[in-house]
1. Residue-wise, which Karplus ³J(HN,Hα) couplings in Hz belong to region 301-307, taking 6.51 cos²θ - 1.76 cosθ + 1.60, θ = phi - 60°, and x for glycine or proline?
2. How big is the shadow of the Cα convex hull of region 201-289, averaged over all directions, in nm²?
3. So how do 581-588, 177-184 stack up, highest first, on mean other-Cβ count within 10 Å?
4. Stretch Leu853-Leu597 to full length: gain in nm at 0.36 nm per residue minus the Cα-Cα span?
5. Just reorder Ile539, Ile479 by solvent-accessible area, largest first, 1.4 Å probe, all chains present.
6. Using the Cβ atoms and a cut-off under 14 Å, what net charge is assigned to the surroundings of Ala791, where Lys and Arg are +1 and Asp and Glu are -1?
7. Quick one: how many Å² of Val476 are accessible to a 1.4 Å probe, rounded to 10?
8. Identify the chymotrypsin sites (Phe, Trp or Tyr not before Pro) of region 326-431 meeting these criteria: DSSP loop state and at most 16 other C-beta atoms within 10 Å of the C-beta.
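The values are calculated or read from the model by the stated rules, or taken from the named source; none is laboratory data. Keep in mind that this is a model prediction, so the values were computed, not measured. Ideal geometry is used to build each Cβ from the backbone, glycine not excepted, and the neighbour counts take in all protein chains shown. Note: areas computed on protein heavy atoms with side chains; ligands, DNA, RNA excluded. Shrake-Rupley method; radii C 1.70, N 1.55, O 1.52, S 1.80 Å.
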Amino acid sequence: MIGLMKRIKQCNLKINPIVMQPSDGNPRESSPFINNTDDDKGTLYDGKNMALFEEEMDSNPMVSSLLNKLANYTNLTQGVREHEESPQMGTFIGVYLPCLQNILGVILFLRMTWIVGTAGILESFIIVSMCCSCTMLTAISMSAIATNGVVPAGGSYYMISRSLGPEFGGAVGLCFYLGTTFAGAMYILGTIEILLTYIVPSAAIFKAEEKAQEADALLNNMRVYGTCCLTLMALVVFVGVKYVNKLALVFLACVVLSILAIYAGVIKTIFEPPVFPVCLLGNRTLQNHDFDKCMKTEIIDNVTVTTKLWSLFCEGPELNASCNEYFSLNNVTEIQGIPGLTSGVISENMWGSYGPAGMLVEKAVPSVPASVASQDKYMPYVANDITTFFTLLVGIYFPSVTGIMAGSNRSGDLRDAQRSIPIGTILAIATTSIIYLSCVVVFGACIEGVVLRDKFGDSVKGNLVIGTLSWPSPWVIVIGSFFSCCGAGLQSLTGAPRLLQAIARDGIVPFLQVFGHGKANGEPTWALLLTAVICESGILIASLDAVAPILSMFFLMCYLFVNLACALQTLLRTPNWRPRFKYYHWALSFLGMSLCLALMFISSWYYALVAMLIAGCIYKYIEYRGAEKEWGDGIRGLSLNAARYALIRLEEAPPHTKNWRPQLLVLLSLDSELSVKHPRLLSFTTQLKAGKGLTIVGSVLEGTYLTRESDAKRAEQSIKSAMAAEKTKGFCHVVVSSNLRDGFSHLIQSAGLGGMKHNSVLMAWPANWKQSNDPQSWRNFIETIRETTAAHQALLVAKNVDSFPHQERLAEGTIDVWWIVHDGGLLMLLPFLLQQHKVWRKCKMRIFTVAQLDDNSIQMKKDLQMFLYHLRLNAEVEVVEMCTPKLYLMAQLIHDRNTASHAALNDNSDATPERVHMTWTKEKFCTERTRNREPNASVAVRDLFNMKPNQSNVRCMHTAVKLNEVVVNKSQGAHLVLLNMPGPPKSRGGDENYMEFLEVLMEGLNRVLLVRGGGREVITIYS
């Protein structure tokens, strides 16, 4: 041996393993490192002295090759690689700035001052704090998930789906997609509002002739221009998404410059507040569009003349013209719209000022009220355009804190995603939270309250309110916010289709598969089209204030499930849960989840219910129709823990009679092609169980597992396909054994787990047992009966199972129960369970029982009816009398005569012991009965006095024949007949007679179910 080793070493033997595909045809776990079948794999082990592991190299790579592949692994798809930058970005450029750009946006520029003025500084501070706390807690949970392994370029959807499973992942992923799409609509509406209200108001197509029509005209203009803007943006995204990504830095610069301009303006108000006069009539704020001077009259060349303001409230320019009553009673005053940081206006803006739509924006100064206020809505006052209340403002504000997923969505572009995502996201949220909270204070401290509540800046000559505070010019904010909204809209139209494409390519929602396709470079063309259609529905709403709460719901639901995913993984302590980000806790995740849920219902309870209903419908759809995915998710881990806990509890004590239901082990036979012989047995199982309780479908293959492993897996797949076709919910178990008897014995003994074990066995009657050349088939059947009896399990044997109903509903008929011996009540429980299914629902139950010679049939019927009443079962009752002693004596005579003839035969021949035992058939019995009715039978009758008292075969055949006659007479037209199944003989020598007895008992009946109890009560009269 030593010499051989030396020669091998001198030859410098190279071992080149051949890469083999798995021969069983079963998919392995998807991994870029294991089970890889690249063409160059065969050369990975050249020169390695690892002959000991040669046979395993096709499936298990060497550590060196694994590390090499891991180093070269990229999580970017081909389409993304073409358009994204090289994945070398750090925390600041890759996460912090994109989050900053997505968080700061349209709500800050267009609605923040209005929210502060309406809610007051204190309540605005509460709104901002709640929303920012929600996103901060979500970011902590997201950081833990994002650092628990590689996050491919799917971002938030990937994290949620792989943590919570395909059902939750698909539902929340689609909600997040809808939220992103509606966010695009909101940004486009913000863009058009800035364009038509502050940049070029003259571009409006629809113009209001009266003040009351201004709102409708604005909405129509928003719809027309919004649709045009959406079309243009969609074309830009379709033609070149790379230009959108390159322009992102420009849009971010606009946001940053706008923020800096605001803070510069705040500082400047300390020394030199900007001049934006606001005209008040009494305590009411006037729209400063159609007049230049805030006065009723002025003196020109020593002549008092009226101003343009006069003509707005009076019927003419004359001094004696009839004027509006409130105009006549109150003076006009002019105040500064931006009094400055040190003016003390902060105390006036501390509290909220909510009110209905049409309520005038008034300052807390004395005024003389008019007797009639019906004409106020036609006057140029600043008024609320919508009804305002605290919860509405929460819903409108929340979109301004979304966008925290921007960093995780770009995880494929980061140099070190597991380090950059937590730091960049949390820093961005902290920065924006400080900006928002400081803005609440400085807006309330610098701007007059009536100007804050003026949503569209009508009191400051149509200027953007936040722009009046900026330095050096309001146009900095106007232009900056315009490009910021444009950029955010383009980013939404870029991100939403990619998210939909990722969901479609996962294959969990079948009807979305078409949206997984796109251009040759991977761009999601069809997903972009659907996104544009949904976005258009948001634009047709035309109101920024109406669209904002809708997308708030979808984003809040997404954040809720991110927190749930982190909490579940932490509590379950799954082995793969090892995030690098350590500053998380399940309590923080639950707090974030609770805050998300609270904000949903605070913002809009009906929108929250609709969003939850949509998510629930998607969840059930994916569960019902979606492709099965195993992603090692937390919900599955939770299910495993719950199942383990329940199994341990179940094993503590056997189930009470009130909780007993048949937990079935269905024994199936397979043909030579490994197909199920009797699929209707599965249909009957479904009808009997109605999806409740345990169902284990088992089968046995002859041989050894090493030689028939692939056959076992194919058989399991065949049974699962049959179960799916018959809608049978349960588990499949295929056993390979040296013989069928031992295999079925193993199933009966070991199927199930802990307290979740079967208590009943269902099998088909071996219909062709007489014609079979192999007596072992029916002997296995009898041994199975003996084993179930020994295991104290119930047994159900279905005859003519292929004629049992499939899915079609049976017409009105009966289920007949022949209750011969008490078996624990199983015979009466089974028809009741069948009647719960739609197939058997129209069938009525009839119970027949047999009276003996000394029984009172009338009293038996009354007692049985009372028993059924206490059992709460509706059934017809009939007592059948069986009394034929003459027939019984004749059967005994036949038995003696045949036994004597067989004994004489055995004296004259060398018969084997097997031929001594006569096999009793109904034909033999009837023939002998006829012969003994002839005159020469008188000699045989005298032999009756010489008979032995125990002739069991004769008595069994007599019972089978007579009982069969009665059952056929009463129940031949029944849809199903249930019979007590007698036990097999103790001596195996009478097994063939036993099969004959059962065959005779069921002759002439179509559908029969033989029932043998498990030795315990299964039905009770007590509640």
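1. Whole-Hz 3J(HN,Hα) from phi for region 301-307: 6, 6, 10, 7, 10, 7, 9.
2. Values: hull surface 38.1 nm².
Averaged projected hull area, Cα only: 9.5 nm².
3. Details: 581-588: 15.6, 177-184: 28.4.
In descending order of packing, they fall as 177-184, 581-588.
4. Values: separation 256, 0.36 × 256 = 92.16 nm, distance 7.31 nm.
Contour length minus Cα-Cα distance gives 84.8 nm.
5. On the way: Ile539 0, Ile479 70 Å².
Accessible-area ranking of Ile539, Ile479, largest first: Ile479, Ile539.
6. On the way: positive: Lys757, Arg786, Arg1012, Arg1016; negative: Glu783, Glu787.
Around Ala791, the charge tally is +2.
7. Counting only protein heavy atoms, Val476 exposes about 50 Å² to solvent.
8. Details: sites: Tyr326, Phe327, Trp351, Tyr354, Tyr378, Tyr381, Phe389, Phe390, Tyr397; in loops: Trp351, Tyr354, Phe389.
Sites meeting the loop and neighbour criteria: Trp351, Tyr354, Phe389.
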